[in-house]
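See structure below.
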Amino acid sequence: MNTLSSSRAVQVLDRLFAESDASEPARAAAVAGADVSALVTSRTRYPEFYGLLKEIPLPVSRETGALLYILARAARAQSVLEFGMSFGVSTIYLAAALRDNGGGRVITTEFEVSKVERARKNLTEAGLIDLVEIREGDALQTLARDLPETLDFVLLDGAKALYADVLALVESRLRPGTLVLADDARYCAEFVNRIRATAKSYVSVPMAGDLEMAMRL
Ligand SMILES: C[S@@+](CC[C@H](N)C(=O)[O-])C[C@H]1O[C@@H](n2cnc3c(N)ncnc32)[C@H](O)[C@@H]1O
């Protein structure tokens with residue numbers, strides 16, 4: 001038995017993935033008429049874009065969630081940073097890994113107030129809220145202070161145009177071996193190009209569809 005297959009986590013994840021599947025029409029309606037490709041890559045209009053989607057779950061896939069659990073377990077992570085929490089699906093996978101690693105803390109970030117409330121309920125229902133610190137507000141501000149000495153694992157899944165900025169904010173806390181996983185890599189070419197170009201600092205590869213995975217050297 002592990003935390004990820006505990007009935008509490010399974011029930012919450014099954015419900016959240018079912019809600020996500022059912023939200024597809026609402027997701028399309030929320031951005032109907034908007035220039036999605038411009039908004040999703042904009043460095044300035046991301047609050048507008050995610051404001052349109054504030055009722056929509058947008059979770060990582062089940063496969064990416066399982067990968068997060070595997071990587072955080074294999075890295076024996078205790079200190080995790082997540083950019084972009086939404087309703088907390090990826091946070092559940094990460095916190096479950098910490099539980100099974102013996103404890104730790106996921107610092108996660110979300111600026112939509114209603115999403116913060118929903119995620120807090122989901123994490124409580126999954127029995128994992130004690131491992132999670134939710135920083136409410138724009139991550140560019142909330143991650144500019146009070147970071148742990150060391151981060152073992154970083155997930156980038158918030159506004160795509162900010163991945164490089166968020167990495168720069170937390171970079172001093174990465175140690176050799178820290179893993180950085182970026183979701184929706186096709187929308188963050190600047191980040192991908194930068195992390196692949198710094199061969200003395202990171203090894204980075206595309207993987208599993210639309211992920212970029214890097215390791216700090
Ligand atoms: C793709 S969703 C995250 C999904 C989540 N990782 C999961 O698996 O359930 C991106 C989330 O990041 C939030 N977000 C985007 N930019 C942000 C920022 N600058 N600061 C805080 N939250 C942000 C959005 O409101 C949205 O809920």
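The values are calculated or read from the model by the stated rules, or taken from the named source; none is laboratory data. None of these values were measured; they are calculated from a predicted model. As a convention, Cβ positions derive from the backbone with ideal geometry for all residues, glycine included, and neighbour counts pool all protein chains shown. Calculation scope for accessible area: heavy atoms of the full protein, side chains included, ligands and nucleic acids excluded. Shrake-Rupley method; radii C 1.70, N 1.55, O 1.52, S 1.80 Å.
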Task: Residues with amide H under 5 Å from that of residue 217, placed H, sequence gap 5 or more - done: 177, 202, 203
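Can you give me the relative contact order of the chain as a percent, contacts being Cα pairs under 8 Å and 6 or more apart?
Details: 370 pairs, mean separation 38.2, N = 217.
Relative contact order comes out at 18 percent.
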Open item on the list: How large is the convex hull of the C-alpha atoms of region 1-54 per residue, in Å³?
Closed with: 107 Å³
Task: Formal net charge of residues neighbouring residue 122 (Cβ-Cβ distance under 15 Å; K, R +1; D, E -1) - done: -3
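Which three semi-axes in whole Å describe the equivalent ellipsoid of region 119-208, each the square root of 5 times a Cα gyration tensor eigenvalue, listed largest first?
Ellipsoid semi-axes (Å, largest first): 24, 15, 14.
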Task: Accessible surface of region 129-204 [probe 1.4 Å, protein heavy atoms]: carbon and sulfur percent - done: 49 percent
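Over the chain, what is the percentage of antiparallel beta bridges among all DSSP beta bridges, to the nearest 5? Please report the intermediate quantities before stating the final value.
Values: 10 of 29 bridges.
Antiparallel: roughly 35 percent of the beta bridges in the chain.
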TODO: Report the far tail of the P(r) of region 111-172, meaning the percent of Cα-Cα pairs longer than 16 Å.
DONE: 53 percent
Task: Distant alpha-carbon pairs in the chain (separation over 22 angstrom), percent - done: 47 percent
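When each pair of different Cα atoms in region 60-129 is counted once in the 1/r mean, what is the Kirkwood radius in angstroms, to one decimal? Spell out each step's value before the answer.
Values: mean 1/r = 0.0840 Å⁻¹.
Every distinct Cα pair counted, the radius reaches 11.9 Å.
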